[in-house]
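The values are calculated or read from the model by the stated rules, or taken from the named source; none is laboratory data. Remember, it's a predicted structure, so these values are computed and weren't measured experimentally. With ideal geometry, Cβ positions are generated from the backbone for all residues, glycine too; neighbour counts draw on all protein chains shown.
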Amino acid sequence: MLRRFTTLSTALLFLILAGCGDDDNPVDPDHSDEHHAEAFGLIIRSGGEELVRYENGEVDGVIEVGHERETPLLTVRFIAEDGDLFAPDADEGFSLGWEIGDESIAEVEQHEEDGPWAFHIVGLGEGETTLVLKINHGGHADFVSKEIEIHVEEGGPGEDHDHDDDHDDEEDDHDDDG
């Protein structure tokens, strides 16, 4: 009887220890999901109106802007797994990144005073291009959207673009992390 108990105890101890590998330690501070932005989609709004939604692998909506014009302020919020909207904490090293398909058609302009999750699209030339948005963190992208269409046309919506060169280099700060 003692032998059976000892064998059973040893087997049980072995199973418990085998199930707790180094990668599974729930108190390991280097193995924590709280340092990643877990986004499953996004929405882009302008003045409270939803322009674009990327969810379940599908993009619905486009960004329209006139040639030599810029959009009103666009804000992005990310969709969590439970459907709630969130913006990652910039103080924890998260930043907005982007890629424009054809930089001769449009560019992203971001102003510090608008916040880390807001931007404008500037129409540089007539045509269509795409925008990919990212959540950058720690030298990599935690999230990358599918391509979002941008349409630029003469007389299209937006405000006259101030040809201020102060923001020309800001894009380089945002698209190299992905």
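Observations
- If the condition is being within 21 Å of Ala37 (Cβ to Cβ) and in a loop (DSSP other than H, G, I, E, B), then the stretch 106-155 contributes Gln110, Gly115, Pro116, Trp117, Gly138, Gly139, Ser145, Lys146, Glu147.
- Failed criterion for Asp164 (all others in (1) surrounded by fewer than 14 Cβ atoms within 10 Å (Cβ to Cβ); (2) at pLDDT 95 or above; (3) among the acidic types (Asp, Glu) hold): (2)
- Being small (Gly, Ala, Ser), in contact with a strand residue (DSSP E or B) (Cβ under 8 Å, 6 or more places away or on another chain) and at positive phi is a property that Gly97 lacks.
- Residue in the stretch 89-109 that is polar (S, T, N, Q), surrounded by 10 or more Cβ atoms within 10 Å (Cβ to Cβ), out of contact with any Phe, Trp or Tyr (no Cβ under 8 Å at 6 or more places or on another chain) and modelled with pLDDT of 95 or more present: yes
- Scope the stretch 38-76; condition outside any strand (DSSP E or B), touching a Lys or Arg at 6+ places or on another chain (Cβ under 9 Å) and closer than 13 Å to Ile150 by Cα; matching residues: Gly61
- The set of residues in the stretch 40-88 that are of a type in the set (A, V, I, L, M, F, W, C) and surrounded by fewer than 17 Cβ atoms within 10 Å (Cβ to Cβ) comprises Phe40, Val62, Leu73, Ala80, Leu85, Phe86.
- Scope the stretch 128-143; condition without any contact (Cβ under 8 Å) to a residue 60 or more places away in the chain and either over 16 Å from Phe94 (Cα atoms) or surrounded by 15 or more Cβ atoms within 10 Å (Cβ to Cβ) (or both); matching residues: Glu128, Thr129, Thr130, Val132, Lys134, Asn136, Ala141
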